[in-house]
Amino acid sequence: MDRLFLDANVLFSSAYKSDARLLELWNLKNVRLCSSRYALQEARINLAGEDQKSRLSKLSASLDLFEAGQTHLPTGLLLPEKDGPIFLAAIEARATHLLTGDVRHFRNYFGKKIERIAIMRPAEYLRGRK
């Protein structure tokens, strides 16, 4: 079973439109969706509409939430301070995948495994499931 850790931008994009393609993640079989309160808060802050915030609340009800258990990133992983808690929470969640659309900060890690976590864009993960 895959354990997918969803970054804040994935949560944001899923709640932004009622017909977002990323909603497919919630319908996958043999998948456990995970995130953190930190990621949820970041997504919530960036959503403007009450309908979007309501969708985020409904989506988050089915997530397993984890928080960063350690304070130091693995050796060789260089991320801005705001992204560190995301990866550390993914470790705590025992995630098999970190799904993120953050090309700016995770670009160098797409397609790689760090701490047994495959880092990829959500669309790439969904393509691999078909």
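The values are calculated or read from the model by the stated rules, or taken from the named source; none is laboratory data. These numbers were taken from a predicted model, which means no experiment stands behind them. Neighbour counts run over all protein chains shown; Cβ positions are idealised from the backbone, glycine included.
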> Filtering the stretch 1-16 down to residues that are of a type in the set (A, V, I, L, M, F, W, C) and not in a strand (DSSP E or B), which residue is surrounded by the fewest Cβ atoms within 10 Å (Cβ to Cβ)?
Replying inline: MET1
>> I need a count of the residues in the stretch 107-130 that are surrounded by 14 or more Cβ atoms within 10 Å (Cβ to Cβ) and touching a residue at least 60 places away in the same chain (Cβ under 8 Å).
In response: 4
>> Being modelled with pLDDT under 95 and under 27 Å from GLY128 (Cβ atoms) is the requirement here; does LEU25 meet it?
In response: no
>> Taking the conditions exactly as written (surrounded by fewer than 22 Cβ atoms within 10 Å (Cβ to Cβ) and at pLDDT below 95), does ASP102 satisfy them or not?
In response: yes
> Do you know which residues across the stretch 111-127 are of a type outside the set (Lys, Arg) and outside any helix (DSSP H, G or I)?
Replying inline: GLY111, ILE114, GLU115, ILE117, ALA118, ILE119, MET120
>> If I go through the stretch 17-37 residue by residue, how many of them are surrounded by fewer than 18 Cβ atoms within 10 Å (Cβ to Cβ), part of a helix (DSSP H, G or I) and not acidic (Asp, Glu)?
In response: 5
>> Within the stretch 75-115, take every residue that is touching a helix residue (DSSP H, G or I) at 6+ places or on another chain (Cβ under 9 Å) and among the charged types (D, E, K, R) and give me the one that is farthest from SER13 (Cα to Cα).
In response: GLU115
>> Looking only at the stretch 75-96, filter to residues that are closer than 17 Å to GLY111 by Cβ and in contact with a strand residue (DSSP E or B) (Cβ under 9 Å, 6 or more places away or on another chain); which one of those is surrounded by the fewest Cβ atoms within 10 Å (Cβ to Cβ)?
In response: GLY76
> Which of the residues spanning the stretch 42-70 are part of a helix (DSSP H, G or I), under 26 Å from GLU81 (Cβ atoms) and without any contact (Cβ under 8 Å) to a residue 24 or more places away in the chain?
Replying inline: ARG44, ILE45
>> Given the criterion touching a strand residue (DSSP E or B) at 6+ places or on another chain (Cβ under 9 Å) and of a type in the set (A, V, I, L, M), identify the matching residue among ALA68, ALA61, ALA118, ALA48.
In response: ALA118
>> What's the total number of residues in the stretch 76-110 that are of a type in the set (Val, Ile, Thr) and under 15 Å from LEU65 (Cβ atoms)?
In response: 2
